[in-house]
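The values are calculated or read from the model by the stated rules, or taken from the named source; none is laboratory data. The model shown is predicted, which means the values in this text are computed figures rather than measured ones. Virtual Cβ from ideal backbone geometry, glycine too; neighbours counted across all protein chains shown.
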Amino acid sequence: MASPKAPRALPHHIKAVQEALDQGNVKLSLRRSEQLVERYPQSNQGRALRALTLELSGSREEALLLLHEVQRERIVDPMVLGLLRDVYVRAGMLNEVSTSYEAAVEGDPESERNA
């Protein structure tokens, strides 16, 4: 089980991966995202970010497998949905983008559609 500090440390690790991506350093982002997922295996944002780094490194199959794991849960977090979208668009899987957002609307209790 994660320590009580885990929720506060998670954003730091996510930011480290994003900074490596912003610098165009895919190898570093791969290492950092692997550490992120190892440390916080239940973080959907971490796993989606890992999938993006895998896609950018040319490991599409592994990225898509990881995304399918993430999508099994009802994702409504806009950050995670954006990462899913980025990977699916790069993979040319536009139908999956629609499916992800439709599932989010259905799963969000605050959605106007469900009101």
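For this structure, a couple of remarks:
- Of all residues in segment 15-29, those that are within 16 Å of L83 (Cα to Cα) have Cβ atoms under 7 Å from Cβ atoms of residues that are aliphatic (A, V, I, L, M) and part of a helix (DSSP H, G or I), 6 or more apart or on another chain, in V17/L36; V17/L49; A20/L28; V26/L56; S29/V17; S29/A20; S29/L21.
- Residue tally, condition over 21 Å from S33 (Cα atoms) and at pLDDT 95 or above, over segment 62-93: 2
- Any hit, segment 14-29, residues being at pLDDT 95 or above, at negative phi, among the hydroxyl-bearing types (S, T, Y) and outside any helix (DSSP H, G or I): no
- The C-beta contact set for segment 36-60 (first residue closer than 15 Å to G82 by Cβ and in a helix (DSSP H, G or I), second residue at pLDDT 95 or above and of a type in the set (K, R), distance under 7 angstrom, 6+ apart or interchain) comprises E55/R90.
- Count - residues of segment 61-75 that are part of a helix (DSSP H, G or I) and not aliphatic (A, V, I, L, M): 5
- Residues that are surrounded by fewer than 17 Cβ atoms within 10 Å (Cβ to Cβ) and among the acidic types (D, E), drawn from segment 34-64: E34, E38, E61, E62
- Sub-8 Å Cβ pairs linking a first residue in segment 69-82 that is touching a residue at least 24 places away in the same chain (Cβ under 8 Å) to a second residue that is outside any helix (DSSP H, G or I) and surrounded by 14 or more Cβ atoms within 10 Å (Cβ to Cβ), at least 6 apart or interchain, are V76/D108, ordered by first then second residue.
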